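The values are calculated or read from the model by the stated rules, or taken from the named source; none is laboratory data. This one's a predicted model, so the numbers in the text were calculated from it and none came from an experiment. Note that we place each Cβ from the backbone using ideal geometry, even for glycine, and neighbour counts take in every protein chain shown.
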């Protein structure tokens, strides 16, 4: 498995991978059709302190992870999201991606990374816990597009001890 910084040429693969997860349902806060320009500014390098990494094997996209500044949050806090190809979880993809993302976050001067996970996404909650994130707070009853309320768990990773 190879991990590298994503480029605009990776956009369609990223969109397809995420759309398959969204279509399956139940694990991501994303719903509906993934926009064609999803992550375009991050992939183009025009989001200051934003980056996306992909994991691939023999040219096949296995997963991706991105960070960028947390909107409305402290200047030194990034937000993160991680996605692995359906059927590819538990293969070390997330851990491999996080090594590159964490190094980039420290290089960008972030002090914390914020992960917001649906409370019913047990795999995502376990993954971020394994990466060292700790529970910060819960936002109760965030409605899905169909109105179903689902809590969001926010986990934080303090990067200061790794800088």
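Tabulated data
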| quantity | calculated |
| --- | --- |
| Residue selected from the stretch 49-61 under the condition surrounded by fewer than 21 Cβ atoms within 10 Å (Cβ to Cβ) and within 17 Å of the chain's Cα centre (by Cα), by the criterion nearest to residue 75 (Cα to Cα) | 49 |
| Residue that is part of a helix (DSSP H, G or I), surrounded by 20 or more Cβ atoms within 10 Å (Cβ to Cβ) and in contact with a strand residue (DSSP E or B) (Cβ under 7 Å, 6 or more places away or on another chain), where the choices are 101, 82 | 101 |
| Residue check, residue 19 modelled with pLDDT of 90 or more, touching a helix residue (DSSP H, G or I) at 6+ places or on another chain (Cβ under 7 Å) and surrounded by 15 or more Cβ atoms within 10 Å (Cβ to Cβ) | no |
| Among the residues listed as 72, 95, the single one being part of a loop (DSSP other than H, G, I, E, B) and modelled with pLDDT under 95 | 72 |
| Residue ID - surrounded by the most Cβ atoms within 10 Å (Cβ to Cβ), chosen from residues in the stretch 24-48 that are in contact (Cβ under 8 Å) with a residue 40 or more places away in the chain and closer than 16 Å to residue 80 by Cβ | 27 |
| Among (1) in contact with a strand residue (DSSP E or B) (Cβ under 8 Å, 6 or more places away or on another chain); (2) not in a strand (DSSP E or B) - the single one residue 126 does not satisfy | (1) |
